[in-house]
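Accompanying notes for the structure given below.
The values are calculated or read from the model by the stated rules, or taken from the named source; none is laboratory data. The shown structure was predicted, so the numbers you read here are calculated from the model rather than taken from an experiment. Every residue, glycine as well, gets a Cβ built from its backbone with ideal geometry; the counts of neighbours run over all protein chains shown. Just the protein is used for accessible areas: all its heavy atoms, side chains included, with ligands, DNA and RNA removed. Shrake-Rupley method; radii C 1.70, N 1.55, O 1.52, S 1.80 Å.
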Amino acid sequence: MIHIKNLHKSFGDLEVVKGVDLHVREREVVCIIGPSGSGKSTVLRCINRLEEITSGSIVVDNHDLYDPTTDINDIRTEAGMVFQQFNLFPHLSVLDNICLGPLKVRKLTRKEAELLGRQLLAKVGLAEKADVYPDQLSGGQKQRVAIARALALQPKVILFDEPTSALDPELVGEVLEVMKKLAQEGMTMVVVTHEMGFAQEVADRVIFFDQGVIKEEGVPRELFANPKEPRLRDFLGKVIAHG
Amino acid sequence: MSFQFETKVMGETLPLLMSGVKLTVIITLSGLLIGFVLGAGFGLLKLSPRLWLKRLAGIYVETVRGTPLIVQVMFLYFGLPMATGLRIPPLAAGIIAIAINSGAYIAEIVRGAVQSIDRGQMEAGRSIGLTKGQTMLYVIWPQAFKRMIPPLGNQFIISLKDTSLLTVIGVAELTRGGQEIIAVNFRAFEVWLTVGLTYLVMTMSIAWALKHVEERLSGAAGR
């Protein structure tokens, strides 16, 4: 589904991603962990070209992102994105947030889009919030709406960029529940996260990023139980001590 | 010296000023309408990733902002015809001057408001497959527009008062109307007082109308 080869990304003189190879299969859930500044979010953002890569190649669903004949807007509808800061549209109701993509990109009629929107809201447990505005929602509810908005394009993969990092601790669970449900339904997911419990429980594969490269990867049980890399051991020690 | 304030003069003056009021309103409204289109266009150009477009918009804004309106008006009405042979009627010249002038200031208002919208909004729009233009139209602009209203109100009021400068090219707007009445009755105090109050009523109407728009927008569309 996603094939990243020898990805490099620099911001000015600062190289944040230094040669990353990453392959994600269909229906696979991949969690990316690692200290902040390790380049994990940057890689995620490169997958739908919110960041331009410096060198390397990214193929999503058999479309080379940097092939001039590739329509990037098509790729973006295939790869939904959920942001740390939710980025809901504050001037639109919850339902309209979800319907905007289907209406303007998928060219659904308003009736079809609203039907889809209400189904998705029910799915994330917010059916009764269709007509309120984002600022009347809690952080957890906002993020669930954002997930519904990403799902509305019926993407083949959803990229989650630290989806629970901006949430109050007691609101993290409800978002992870929705994500778990998606994973169980077979959605392909790439999740940058600090939630080790979630990674352990839901991920098919966990990838540890450090200083712009993949230091270690494996199935969660092994990676968490027997980390080989000292940096990973160190990282897990700190995260679990604080978690 | 025996000055006698006569309210009666004010009462007589007001109806005579009405044709001037009408012209002032016409110039202000059409000038600002065109000015807003110019401002929106050049404001967005200022945000263009293409350097030459950005420069072009920059030159427009700096030129207009850096020269007095009265010079712009004189240049347009007296200067340009000499070079081009094309004579613009005073009213049209006045509207064009107000449009070009307000457009430059509105461009800065538009640029600032659009820039103030969080970058995540553009990213979220792009992430659901909207093009850059669609994201601007459906996501960024509606939010930015709300933020533009207070500074736009300010600019509308300034432009309305600026129309008084068009006296110099003989446009029979409100200030010119006042001068003509004084030339006949010599009652400068009453006439300028009436003219001033008339401007005040118009500017306060603008302020009131925009406050209304602002309240409606924030009521109907969340924050």
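Annotation: of all residues in the range A:131-158 being farther than 21 Å from residue A:186 by Cβ and away from chain B (no Cβ under 14 Å), the one that is least open to solvent (accessible area, probe 1.4 Å) is A:140.
Give me a count of the residues in the range A:85-116 that are open to solvent by 50 Å² or more (accessible area, probe 1.4 Å), facing another protein chain (nearest Cβ under 9 Å) and in a loop (DSSP other than H, G, I, E, B). So the count comes out to 2. Inspect all residues belonging to the range B:108-128 and state whether any of them is of a type in the set (S, T, N, Q) and touching a strand residue (DSSP E or B) at 6+ places or on another chain (Cβ under 8 Å). There is at least one residue in the range B:108-128 that is of a type in the set (S, T, N, Q) and touching a strand residue (DSSP E or B) at 6+ places or on another chain (Cβ under 8 Å).
Looking at this structure, is residue B:138 open to solvent by 20 Å² or more (accessible area, probe 1.4 Å), more than 14 Å from every other protein chain (Cβ to nearest Cβ), touching a residue at least 12 places away in the same chain (Cβ under 8 Å) and of a type in the set (Ser, Thr, Tyr)? So residue B:138 fails the test.
Evaluated against (1) open to solvent by less than 50 Å² (accessible area, probe 1.4 Å); (2) closer than 17 Å to residue B:115 by Cβ, residue B:13 falls short on exactly one condition, (2).
Would you be able to say whether some residue in the range A:24-36 is within 9 Å of another protein chain (Cβ to nearest Cβ), at pLDDT below 95 and open to solvent by less than 30 Å² (accessible area, probe 1.4 Å)? Steps first, answer last, please.
We begin by selecting, within the range A:24-36, every residue within 9 Å of another protein chain (Cβ to nearest Cβ); these are none.
Checked against the condition, which is being within 9 Å of another protein chain (Cβ to nearest Cβ), at pLDDT below 95 and open to solvent by less than 30 Å² (accessible area, probe 1.4 Å), the range A:24-36 yields no hits at all.
Give me a count of the residues in the range B:193-223 that are over 23 Å from the mean Cα position of the chain (by Cα), touching a residue at least 12 places away in the same chain (Cβ under 8 Å) and open to solvent by 30 Å² or more (accessible area, probe 1.4 Å). Going through the range B:193-223 one residue at a time, the tally reaches 2. Of all residue pairs spaced 6 or more apart or on separate chains, those with beta-carbon atoms under 7 Å, a first member in the range A:62-75 that is within 14 Å of another protein chain (Cβ to nearest Cβ) and a second member that is loosely packed, with under 15 Cβ neighbours inside 10 Å are A:70/A:64. When you check residue A:42 against the structure, is it within 16 Å of the chain's Cα centre (by Cα), open to solvent by less than 60 Å² (accessible area, probe 1.4 Å), more than 25 Å from residue A:199 (Cα to Cα) and not hydrophobic (A, V, I, L, M, F, W, C), yes or no? When the stated conditions are applied, residue A:42 does not pass them.
Right, residue A:76: of a type in the set (D, E, K, R), out of contact with any His (no Cβ under 7 Å at 6 or more places or on another chain), open to solvent by 10 Å² or more (accessible area, probe 1.4 Å) and assigned to a helix (DSSP H, G or I) or not? It is true that residue A:76 is of a type in the set (D, E, K, R), out of contact with any His (no Cβ under 7 Å at 6 or more places or on another chain), open to solvent by 10 Å² or more (accessible area, probe 1.4 Å) and assigned to a helix (DSSP H, G or I). When you check residue A:173 against the structure, is it facing chain B (nearest Cβ under 8 Å), at pLDDT below 95 and under 23 Å from residue A:192 (Cα atoms), yes or no? For residue A:173, the condition - facing chain B (nearest Cβ under 8 Å), at pLDDT below 95 and under 23 Å from residue A:192 (Cα atoms) - is not met. Would you check if there is a residue in the range B:39-59 being among the β-branched types (Val, Ile, Thr), without any contact (Cβ under 8 Å) to a residue 12 or more places away in the chain and out of contact with any strand residue (DSSP E or B) (no Cβ under 8 Å at 6 or more places or on another chain)? Yes, there is a match, as at least one residue in the range B:39-59 is among the β-branched types (Val, Ile, Thr), without any contact (Cβ under 8 Å) to a residue 12 or more places away in the chain and out of contact with any strand residue (DSSP E or B) (no Cβ under 8 Å at 6 or more places or on another chain).
If you check residue A:43 against the conditions, is it at the interface with chain B (Cβ under 10 Å from one of its Cβ atoms) and modelled with pLDDT of 90 or more? When the stated conditions are applied, residue A:43 does not pass them.
Kindly indicate whether residue A:59 is of a type in the set (Val, Ile, Thr), closer than 23 Å to residue B:129 by Cα and either modelled with pLDDT of 90 or more or open to solvent by 10 Å² or more (accessible area, probe 1.4 Å) (or both). Against the criterion (of a type in the set (Val, Ile, Thr), closer than 23 Å to residue B:129 by Cα and either modelled with pLDDT of 90 or more or open to solvent by 10 Å² or more (accessible area, probe 1.4 Å) (or both)), residue A:59 qualifies.
Could you say whether any residue in the range B:213-221 is in contact with a helix residue (DSSP H, G or I) (Cβ under 8 Å, 6 or more places away or on another chain) and more than 14 Å from chain A (Cβ to nearest Cβ)? Steps first, please.
Residues of the range B:213-221 in contact with a helix residue (DSSP H, G or I) (Cβ under 8 Å, 6 or more places away or on another chain): B:213-214, B:217-218, B:221.
Remaining after also requiring more than 14 Å from chain A (Cβ to nearest Cβ): B:213.
Yes; the residues of the range B:213-221 include at least one that is in contact with a helix residue (DSSP H, G or I) (Cβ under 8 Å, 6 or more places away or on another chain) and more than 14 Å from chain A (Cβ to nearest Cβ).
Quick one: which helices (runs of 4 or more DSSP H) lie wholly within the range B:78-127 and hold at least 2 residues that are away from every other protein chain (no Cβ under 14 Å)?
Working: elements: B:80-84, B:90-115, B:119-127.
Counting at least 2 such residues, we get B:80-84, B:90-115.
Within the range B:171-192, which residues are touching a residue at least 24 places away in the same chain (Cβ under 8 Å), in a helix (DSSP H, G or I) and charged (D, E, K, R)?
Of everything in the range B:171-192, those that are touching a residue at least 24 places away in the same chain (Cβ under 8 Å), in a helix (DSSP H, G or I) and charged (D, E, K, R) turn out to be B:176, B:190.
Based on this model, can you work out whether residue B:178 counts as open to solvent by less than 10 Å² (accessible area, probe 1.4 Å), under 13 Å from the mean Cα position of the chain (by Cα) and within 24 Å of residue B:207 (Cβ to Cβ)? Taking the combined requirement at face value, the residue does not satisfy it.
Could you tell me which residue of the range B:75-89 is least open to solvent (accessible area, probe 1.4 Å), considering only residues that are out of contact with any Pro (no Cβ under 8 Å at 6 or more places or on another chain) and closer than 18 Å to residue B:102 by Cβ?
Of all residues in the range B:75-89, those out of contact with any Pro (no Cβ under 8 Å at 6 or more places or on another chain) come to B:75-76, B:78-86, B:89.
Then keep just the ones that are closer than 18 Å to residue B:102 by Cβ; that gives B:75-76.
On the way: B:75: 122, B:76: 23 Å².
Here the residue is B:76.
Among the numbered conditions (1) buried (at least 21 other Cβ atoms within 10 Å of the Cβ); (2) modelled with pLDDT under 95, the only one that residue A:127 does not meet is (1). Criterion first (more than 14 Å from chain A (Cβ to nearest Cβ), of a type outside the set (S, T, N, Q) and within 15 Å of residue B:32 (Cα to Cα)) does residue B:158 satisfy it? Yes; evaluated as a whole, the condition is true for this residue.
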